[in-house]
Amino acid sequence: MLWNLQKSRPLWITNLQEDETEEMESPQSPGQLLNPALAHSVSVASCGNIFSCGAEDGKVRIFRVMGVKCEQEFGFKGHSLGVSQVCFLPESYLLLTGGNDGKIMLWDVSSEVEKKQKSPTKPTHRKKTKRASYTKQGGNTHASADEEEHGKILPKLSIEHGEKVNWLLSTRIKGYQNILVADQTSCISVYPLKEF
């Protein structure tokens, strides 16, 4: 919902479950449960008119504020389970996501946002793509092939945190960009973002 705080009423409302209509028409395997598209987290980019939404269906959706309404620019499958957290890095379209699958991913959505800004009526077609993901395990970072569908957006970084991500934040510590992560334990994990 986009709210007018002066009048205490919504200006714009969307229903994420309307996206599910296409998916529900495709056959499901017996015993497979469908996670509804419930919004878990929202983050606004520093430009002020682009925001992301992480949902229980594992998708990340990117919206653009256009006056008194919002339009969904694009969306992509970000995690195998619900996307519990989304967070834009300052002064960029780099988007951190954390999921119930225990993964933390960094996405660069700038090319899609800028493409939509130039020609908002052209549809994008998504297909399965192979990608290299960077997985952090035991302090080492290495590349591995993966065939998950992320549309045209490929993750710049994938960290196997191992626990459901309850909260994440990008911050500078001693001059270096880091990711702070809270999960169901009593500790805060810190992951460096040296390349970004």
If we ask which residues in segment 104-116 are open to solvent by less than 10 Å² (accessible area, probe 1.4 Å) and under 11 Å from the mean Cα position of the chain (by Cα), their number turns out to be 5
When every residue in segment 68-83 that is within 21 Å of residue 181 (Cβ to Cβ) and aliphatic (A, V, I, L, M) is compared, the one least open to solvent (accessible area, probe 1.4 Å) is 83
Discussion item. One residue is enough: does segment 84-103 have a residue meeting the conditions under 25 Å from residue 161 (Cβ atoms), part of a strand (DSSP E or B) and open to solvent by 40 Å² or more (accessible area, probe 1.4 Å)?
Written reply: no
Every listed condition ((1) of a type in the set (Gly, Ala, Ser); (2) at pLDDT below 95; (3) open to solvent by 10 Å² or more (accessible area, probe 1.4 Å)) holds for residue 43 save (2)
Note on residue 183: of the conditions (1) within 16 Å of the chain's Cα centre (by Cα); (2) buried (at least 17 other Cβ atoms within 10 Å of the Cβ), unmet is (1)
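Scan segment 46-63 for residues that are in a strand (DSSP E or B) and open to solvent by 20 Å² or more (accessible area, probe 1.4 Å) and jot them down. Steps first, please.
Going through segment 46-63, the residues in a strand (DSSP E or B) turn out to be 50-55, 59-63.
Result: 51, 59.
The values are calculated or read from the model by the stated rules, or taken from the named source; none is laboratory data. Not measured: the values here are computed from a predicted model. Cβ: placed from backbone, ideal geometry, glycine included. Neighbour counts: every protein chain shown. SASA here: full protein model, heavy atoms, side chains in, ligands and nucleic acids out. Shrake-Rupley method; radii C 1.70, N 1.55, O 1.52, S 1.80 Å.
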